[in-house]
1. In region 614-644, what residues are in contact (Cβ under 8 Å) with a residue 12 or more places away in the chain and small (Gly, Ala, Ser)?
2. Give region 37-50 a look and list any residue that's within 14 Å of the ligand (Cβ to nearest atom) and surrounded by fewer than 21 Cβ atoms within 10 Å (Cβ to Cβ), or say none.
3. Among the residues of region 16-36 satisfying the criterion of being at pLDDT below 60 and in contact with a helix residue (DSSP H, G or I) (Cβ under 8 Å, 6 or more places away or on another chain), which is nearest to the ligand (Cβ to nearest atom)?
4. Which ones in region 461-486 are of a type in the set (A, V, I, L, M), surrounded by 19 or more Cβ atoms within 10 Å (Cβ to Cβ) and more than 28 Å from residue 387 (Cβ to Cβ)?
5. Considering only residues of region 436-476 that are in contact with an Asp or Glu (Cβ under 9 Å, 6 or more places away or on another chain) and of a type in the set (Val, Ile, Thr), which is farthest from residue 383 (Cα to Cα)?
6. Within region 169-194, which residues are buried (at least 17 other Cβ atoms within 10 Å of the Cβ) and assigned to a loop (DSSP other than H, G, I, E, B)?
7. Search region 201-228 for residues that are under 27 Å from residue 72 (Cα atoms) and pair each with any residue that is part of a strand (DSSP E or B) and small (Gly, Ala, Ser) when their beta-carbon atoms are under 9 Å apart and the residues are at least 6 apart or on different chains.
8. Within region 422-493, which helices (runs of 4 or more DSSP H) (wholly inside it) include 3 or more residues that are modelled with pLDDT of 90 or more and within 26 Å of the chain's Cα centre (by Cα)?
Amino acid sequence: MKGNIGVTTDNIFPVIKKFLYSDHEIFLRELVSNAVDATQKLKTLASVGDYKGEMGDLKVEVKLDAKKKTLTISDRGVGMTADEIEKYINQIAFSGATEFLDKYKNDANAIIGHFGLGFYSAFMVSKQVEIFTKSYTDAPAQHWSCDGSPEYTLEECDKAERGTDIVLHIDDENKDFLEESRMHTLLTKYCKFLPVPIVFGKKKEWKDGKEVETADDNVINNTTPAWTRKPADLKDEDYAKFYRELYPYGEEPLFHIHLNVDYPFNLTGILYFPRIKNNIDLQRNKIQLYCNQVFVTDSVEGIVPDFLTLLHGVIDSPDIPLNVSRSYLQSDQNVKKISTHITKKVADRLQEIFKNDRAQFEEKWDALRIFIVYGMLTDEKFFDRAKDFALFKNVDGKCFTFDEYKELIKAEQTDKDGNLIYLYANNADEQHTYIEAAKAKGYDVLLMDGQLDAHWLSQLEQKNEKLRFVRVDSDVVEKLIVKADAAKVALTAAQQDALTEVFKSQLPTLDKTEFVVTMEQLSADDQPIVITQNEWMRRMKDMAATGGNPMMGFYGEMPNSYNVVLNTAHPLIDGVLRAEEQACADNVSPIAQEIADLEKRRNALKDGQKGKKDEEIPVAEKEEIDTIDKKVGELRDRKKTVYAEFATTQPRVKQLIDLALLANNMLKGKDLADFVKRSVSLLQ
Ligand code: ADP
């Protein structure tokens, strides 16, 4: 018999070939899944007594014939009668095609799902497809053949065994599907955990230095993977073994979570918290999504919450609509529920480990924190759960829950406005001096060196009104936690000006760096100079560096601004001031006097102009003020030069600055070499 395939457009095959140019390989998944379905159906019929014959060896076989250029998929399932072929194969619903195809031309999954085209995906790689099938009923065996035109032939044939053989005559463009190694890779990818044994050739072994075939079937898959078994039947080593089955080269994971849901949707799976060494690991091993043990995809974005895409493992659900486009998936209500549920399960499990085995939890915290912090940042519900088990770790390696930490620092680290100040370092070595100073004052310092910590601490501040994070090096230790109003600097304006200019003249010029000299009346025991970086500004730059908000780019471009804080209570700073007063007085006094006189005259002129409109002021007067301003500018520059010249006679100025830079890990290259030389000569 001959006939035309029932499609409403002229010819489906060019469409299949043309539009499904990506993902050709999924034809294999579709055909093997059909074979598995047919096998499962037979088992079901037998179990309810509707089929009473021999079951035989219920396996699916995949065979290559390089000479004939065929790929054959055989099963011993229910088979098809002529009527069934007519109904299931020949009639394809195919309406509204053009528009849909246009939209989803790169998404073979969506197209196949939309049109129920699983079987026809065979034409993506074949010039001719044949079906040899014998139904489990007594109906005669059938041979169907089609060469890629809408015409097909259907006739009875001799096939002794129940089941179906699908024979693909692979076309020239897709020859690679005839290679054994390629087929092996694909079968491993799509069929690794199918519930019916998938056989591909015979097992091989090494004999006398040669690889030879044995009599045993080469079974590709594990038909009862761990996630399909009951959690109660599995031990830790079973989970570890399954992880290796999934990722043969992966490091041993931290924890596993067995998901097992049957209401309001069906979902099983095992997720693992991996050990992450670097960003490459993050990309490589991904969560795999299965539908009744058929591999569907390893890009699960939209199905599990973003932060959990970092986990490894398997999710299997018949309720996730798989043969649809991604955008549809992301708006699907069922999928949203699944996502919420997985988040909850993950939080439950972490909570449980924290409660039952806190020592283990703490030990693994460094590896876990990236997931937990990412989750807290991106998922409100997860934040609410995680705030009970997320940990702060201090520079001595001690861990605290949020509540415990609050208790610990409450007494010492509350400022005069009632804010709790959380001191932190993000590099214990570089900030060593500051950490020691803070500890000496009885403060605790957290280590916040995680990739997402800059964002995390902003979040924690937003959620707790009376909480501030302050990096240990963002100010001199006295001012990190302001407990009372600070002591006033006991210097005149002229003295402050002199000190500022002397030190300013000796500061290095560094790329993208800006220094501002300020003064604090600290104590004589404190360092003479401390370099600090404004907490807020630095954090903006940190966040810009880890990306996320495009607005942040602006801060990334700004120079780093540092405060060079002179401790006016320190004898060395005082010494510089005294020396300056002696050395510069003769030069500076007349200049200062001149400036004072000019400013007096300027003030007098300005006073006289009060209340007058601009046009009422004589031009000569305006010109005089301009001249005064210019002159004062020149005089100030002259004064600066005097201070700068003085500074060059004072190696200790440069030395003090370099010591402060050194403590901040900012003294490099030639500056460092000069410092060493100068130190030696100062000792002589
Ligand atoms: P779907 O599998 O989504 O229903 P397909 O185009 O893949 O769509 O298959 C259409 C139908 O053809 C199947 O539902 C099944 O009834 C029948 N069929 C396909 N392959 C086989 C097979 N190997 N054995 C028995 N029936 C099959």
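The values are calculated or read from the model by the stated rules, or taken from the named source; none is laboratory data. Keep in mind it's a predicted model, so treat the numbers as computed, not measured. Don't worry about glycine lacking a Cβ; one is built from the backbone with ideal geometry, like all the others, and counts go over all protein chains shown.
1. Looking only at region 614-644, we keep the residues that are in contact (Cβ under 8 Å) with a residue 12 or more places away in the chain, and these are 621, 624-625, 628-629, 631-632, 635-636, 638-640, 642-644.
Across region 614-644, the qualifying residue is only 644.
2. In the first step, residues of region 37-50 are kept if they are within 14 Å of the ligand (Cβ to nearest atom); the result is 37-45.
Result: 37, 40, 41, 43, 44, 45.
3. Filtering region 16-36 for residues at pLDDT below 60 gives 18-22.
Imposing the further condition that a residue be in contact with a helix residue (DSSP H, G or I) (Cβ under 8 Å, 6 or more places away or on another chain) reduces the set to 19-20, 22.
Values: 19: 17, 20: 14, 22: 19 Å.
Applying the filter and picking the extreme gives 20.
4. Matches in region 461-486: 476, 477.
5. 476
6. Scanning region 169-194 gives 171, 192, 193, 194.
7. Pairs found: 202/215; 203/215; 213/201; 217/201; 218/201.
8. The qualifying helices (runs of 4 or more DSSP H) are 453-463.
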